[in-house]
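In what follows, a single structure is set out as structure tokens and then discussed.
The values are calculated or read from the model by the stated rules, or taken from the named source; none is laboratory data. Please read all numbers here as calculations on a predicted model, not as lab measurements. Cβ atoms come from the backbone with ideal geometry, glycine included; neighbour counts cover every protein chain shown. These area figures cover heavy atoms from the full protein model, side chains too; ligands, DNA and RNA do not enter into them. Shrake-Rupley method; radii C 1.70, N 1.55, O 1.52, S 1.80 Å.
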Amino acid sequence: ESSEGKIKISATFNALKEFVQAVGKDKVEIETIIPDGMEAHDFEPKPQDIKSLGNAKIFVYNGLGMESWAEDAITAANNKDLIAVCASDGADLIETEASENESNEEHHGKYDPHLWLSLKGAKTEALNIKDALVKADPENKDYYEKNFNEFKVQLEELYNEYKEKFQTVQNKNFVTGHAAFGYLCRDFGLSQNSVSDIFAEGEPSPKQLANLVSYCKENNVKTIFAEEMASTEVSKTLANE
């Protein structure tokens, strides 16, 4: 495909790329900075990543401590025409607490950053992306508005479909490797318990693991959800117990 005339966009990770694609469609060319299979919380940009920001028209990042390097990267790119979009702006956020293993000083961020995992959060992020595209390319405002509204309807239909399904589910508790599903839980009245904290780091103490085992038994939890990028050792131990 020819990239001539397309708006060059740099997005930090895949979910944001999907939202940009949904709103920008064939008028955008998107690069993701964090590669597939890389834990976003641990990523540090390389010089070529900063260089790509120097050539981009729009930079889309999630914010809320997900990309602690974003502000520095914007400064280093030294691109006066760059429109930087913090996709989580204006969202109804969930506050986090420091885990047992860290002090408040070490605590990464005041809010849970995993907004895109909620269908309502996805709508907020797509709206911020749409506004940036309109700012960068006002001539095609109607095009971006139309695409955004279509995407919004898709998200709302999916939300309604899941809302109905989750209302019929008896057991609303689940256990996962990484506490990433706070917004999804809020959307559908679910309750998550996890092996590691919101920022996917560290392993639970023997006491925490014992508590999780008890929790699973008491709440009839039959499945431990593990993600492909994190070590599954602890999740496997928990499942065996």
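With the condition kept exactly as written, say whether any residue in segment 31-49 is under 22 Å from Tyr144 (Cα atoms) and surrounded by fewer than 17 Cβ atoms within 10 Å (Cβ to Cβ). Yes, segment 31-49 contains a residue that is under 22 Å from Tyr144 (Cα atoms) and surrounded by fewer than 17 Cβ atoms within 10 Å (Cβ to Cβ).
Can you tell me how many residues in segment 194-225 are touching a residue at least 24 places away in the same chain (Cβ under 8 Å) and either under 21 Å from Asn240 (Cβ atoms) or in contact with a Phe, Trp or Tyr (Cβ under 7 Å, 6 or more places away or on another chain) (or both)? Steps first, answer last, please.
First pass over segment 194-225, keeping only residues touching a residue at least 24 places away in the same chain (Cβ under 8 Å): 195-205, 208-209, 212-213, 215-216, 219-221, 223-225.
With the extra rule that they be either under 21 Å from Asn240 (Cβ atoms) or in contact with a Phe, Trp or Tyr (Cβ under 7 Å, 6 or more places away or on another chain) (or both), the set shrinks to 195-196, 202-205, 208-209, 212-213, 215-216, 219-221, 223-225.
So the answer is 18.
Taking the listed residues Ala132, Ala179, the one that is under 30 Å from Asp81 (Cα atoms) and at pLDDT 85 or above is Ala132, with no other qualifying. Being of a type outside the set (Asp, Glu), free of Cβ contacts under 8 Å to residues at least 24 places away in the same chain and open to solvent by 50 Å² or more (accessible area, probe 1.4 Å) is the filter here; which residues of segment 18-30 pass it? Result: Gln21, single match.
Considering only segment 186-207, how many residues are part of a helix (DSSP H, G or I) and surrounded by 17 or more Cβ atoms within 10 Å (Cβ to Cβ)?
Looking only at segment 186-207, we keep the residues that are part of a helix (DSSP H, G or I), and these are 186-188, 206-207.
With the extra rule that they be surrounded by 17 or more Cβ atoms within 10 Å (Cβ to Cβ), the set shrinks to 187-188.
The number of residues fulfilling the criteria is 2.
Of the candidates Lys130, Lys146, the single residue that is within 19 Å of Glu18 (Cβ to Cβ), of a type outside the set (Phe, Trp, Tyr) and open to solvent by 90 Å² or more (accessible area, probe 1.4 Å) is Lys146. I need the full set of residues from segment 161-185 which are open to solvent by less than 10 Å² (accessible area, probe 1.4 Å) and in contact with a Cys (Cβ under 9 Å, 6 or more places away or on another chain), in order please. Val175 - this is the single residue of segment 161-185 that is open to solvent by less than 10 Å² (accessible area, probe 1.4 Å) and in contact with a Cys (Cβ under 9 Å, 6 or more places away or on another chain). Residues of segment 1-17 that are open to solvent by 30 Å² or more (accessible area, probe 1.4 Å) and at pLDDT 90 or above: Lys6, Lys8, Asn14, Lys17.
Determine whether segment 148-168 contains at least one residue that is farther than 19 Å from Phe59 by Cα, touching a helix residue (DSSP H, G or I) at 6+ places or on another chain (Cβ under 7 Å) and modelled with pLDDT under 95. The answer is no; no qualifying residue exists.
Condition first: part of a helix (DSSP H, G or I) and on the phi > 0 side of the Ramachandran plot. Can you find one or more residues in segment 21-38 that meet it? It would help to see each step written out before you state the result.
Looking only at segment 21-38, we keep the residues that are part of a helix (DSSP H, G or I), and these are 21-27.
Going one step further and asking which of them are on the phi > 0 side of the Ramachandran plot, we end up with 25.
Scanning segment 21-38 turns up at least one residue that is part of a helix (DSSP H, G or I) and on the phi > 0 side of the Ramachandran plot.
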